[in-house]
Amino acid sequence: MIPDLGLLSLLCALALSALLSIVPLVGIYRQRTLLIRYAMPLSYGVCLFTTLSILLLGLQFWH
């Protein structure tokens, strides 16, 4: 079950990183500062889910 949660966390990080590459660019193109401001929370989410995935998969490898 723990490796599945690690994989799910990696998939969430992948989805957030895809949004991180698209949403601010759309905001720049349409000159919407609200979309540009989403870059910081999205990057925090990518960092959080990547760290969680590393911890979960490392915990499973250790056991």
How about the chain: which helices (runs of 4 or more DSSP H) wholly inside it have at least 2 residues that are among the charged types (D, E, K, R)? 2-30
Could you list all residues from the stretch 1-23 that are touching a Phe, Trp or Tyr at 6+ places or on another chain (Cβ under 8 Å) and either closer than 30 Å to His63 by Cβ or at pLDDT below 95 (or both)? Ser9, Leu10, Cys12, Ala13, Leu16
Restricted to the stretch 1-21 and to residues being within 17 Å of Tyr44 (Cβ to Cβ) and of a type in the set (A, V, I, L, M), the residue most open to solvent (accessible area, probe 1.4 Å) is Leu14
Which residue pairs have Cβ atoms under 6 Å apart, sit 6 or more places apart or on different chains, and have a first residue in the stretch 33-49 that is open to solvent by 50 Å² or more (accessible area, probe 1.4 Å) and a second that is of a type in the set (S, T, N, Q)? Phe49/Ser9
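The values are calculated or read from the model by the stated rules, or taken from the named source; none is laboratory data. Because the structure is predicted, anything quoted here is derived from the model rather than measured. Positions of Cβ are backbone-derived with ideal geometry, glycine not excepted, and every protein chain shown enters the neighbour counts. For the accessible areas, the whole protein counts, side chains as well, though only heavy atoms, and no ligand, DNA or RNA atoms are used. Shrake-Rupley method; radii C 1.70, N 1.55, O 1.52, S 1.80 Å.
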